[in-house]
Ligand SMILES: C[S@@+](CC[C@H](N)C(=O)[O-])C[C@H]1O[C@@H](n2cnc3c(N)ncnc32)[C@H](O)[C@@H]1O
């Protein structure tokens, strides 16, 4: 970790509108950006109500999206987290209008969704993996390889001893499949950060799991690179970047969220382990805690919430 990063840890994330923040960045200065924007589904953040006319939301996406593309280095990478409602439109904006190249459309299957009342329960979000240049980008496959089925199950002597790259595929819930999946399975099997998990900061309803950001940052940046999160929220991206010895920068509209994220960053050190238990169904380090009613982020959640039926899967 450089001195510069130590200085930044005092100031990041900045309490600023990301459109402004991005416009002030030096062109071509960011190695990796990760954005988990409001999904335009009516979630109430501290100082932002997440429900606008569709066209306004899409035009705003174009605005901050242009800022991201401008800020990325020619070999830079951009990951976008988005829900079902606008996944298709946002992919078109970043790919067709803003000229990024989509390398993967990852489906993050999460456990601990919330039961819906009159339709299938939602248990996934979309993670788009874009690069600026189709041929030149950072992809450290050796940092994220997982054991293959040949290694784990078949003891096949022909298996590659370094394992294989993780999938980007749909996966059934473990409880729907005979035998379930071992914790070592090679799927993006990471629970949402639930209310009872030790990892949960407790003051931001949309906290991303550190393990999701860990995989992205390890694969798509190198130590010392600059990682940017324009919607830093509870500060997960910056926290993981700091732990993994990257430089980091974040923008957050809410001064309170930004302040609390700075506290979170101050409490961690480069090299600290990422949060999240090995078993994605439970966090063994979590003390039992009473469940409280809370605001949910997606419409399915709200549907259950309004009916008073909250059943973690
Ligand atoms: C989905 S949350 C991000 C959560 C984050 N990934 C985490 O792990 O905590 C979106 C965040 O964007 C912030 N936000 C909304 N509009 C913004 C803007 N124009 N500029 C910067 N931040 C904004 C909200 O306050 C909210 O904290």
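The values are calculated or read from the model by the stated rules, or taken from the named source; none is laboratory data. Because the structure is predicted, anything quoted here is derived from the model rather than measured. Note: ideal-geometry Cβ built from the backbone for every residue, glycine included; neighbour counts use all protein chains shown.
Against the condition at pLDDT below 95, under 23 Å from residue 226 (Cβ atoms) and part of a helix (DSSP H, G or I), how does residue 66 come out, does it pass?
So residue 66 does not fit the description; no.
Anything in the stretch 251-266 that is in contact with a helix residue (DSSP H, G or I) (Cβ under 9 Å, 6 or more places away or on another chain) and more than 9 Å from the ligand (Cβ to nearest atom)? List them, or say none.
Selection gives 262, 264, 265, 266.
Please count how many residues of the stretch 1-36 are in a helix (DSSP H, G or I) and either surrounded by fewer than 17 Cβ atoms within 10 Å (Cβ to Cβ) or modelled with pLDDT of 95 or more (or both).
Adding up the residues that qualify gives 12.
Tell me which residues, restricted to the stretch 142-161, are surrounded by 13 or more Cβ atoms within 10 Å (Cβ to Cβ) and in contact with a helix residue (DSSP H, G or I) (Cβ under 7 Å, 6 or more places away or on another chain).
Correct list: 143, 144, 159.
What residue, among those in the stretch 44-63 that are within 20 Å of the chain's Cα centre (by Cα) and part of a loop (DSSP other than H, G, I, E, B), is modelled with the lowest pLDDT?
46
Within the stretch 218-241, can you find the residues that are assigned to a helix (DSSP H, G or I) and in contact with a strand residue (DSSP E or B) (Cβ under 6 Å, 6 or more places away or on another chain)?
Passing the criteria: 220, 237, 238, 241.
Of the numbered conditions (1) within 16 Å of the ligand (Cβ to nearest atom); (2) surrounded by fewer than 19 Cβ atoms within 10 Å (Cβ to Cβ), residue 99 fails exactly one; give the number of that condition.
Evaluating residue 99 over (1) within 16 Å of the ligand (Cβ to nearest atom); (2) surrounded by fewer than 19 Cβ atoms within 10 Å (Cβ to Cβ) leaves (1) as the failure.
Quick check, is residue 90 within 16 Å of the ligand (Cβ to nearest atom) and buried (at least 19 other Cβ atoms within 10 Å of the Cβ)?
Answer is yes for this residue.
Can you tell me which residues in the stretch 125-146 are free of Cβ contacts under 8 Å to residues at least 40 places away in the same chain and touching a strand residue (DSSP E or B) at 6+ places or on another chain (Cβ under 8 Å)?
134, 145
Which numbered condition in (1) in contact (Cβ under 8 Å) with a residue 60 or more places away in the chain; (2) within 14 Å of the ligand (Cβ to nearest atom); (3) part of a strand (DSSP E or B) is the only one that residue 80 fails?
The failed condition is (1).
Can you pull out the residues in the stretch 213-233 that are within 9 Å of the ligand (Cβ to nearest atom) and either farther than 17 Å from residue 13 by Cα or buried (at least 23 other Cβ atoms within 10 Å of the Cβ) (or both)?
Matches in the stretch 213-233: 213, 229, 230, 232, 233.
Considering only the stretch 106-123, I want to know if a residue exists there that is part of a strand (DSSP E or B), in contact with a helix residue (DSSP H, G or I) (Cβ under 8 Å, 6 or more places away or on another chain) and within 16 Å of the ligand (Cβ to nearest atom).
yes
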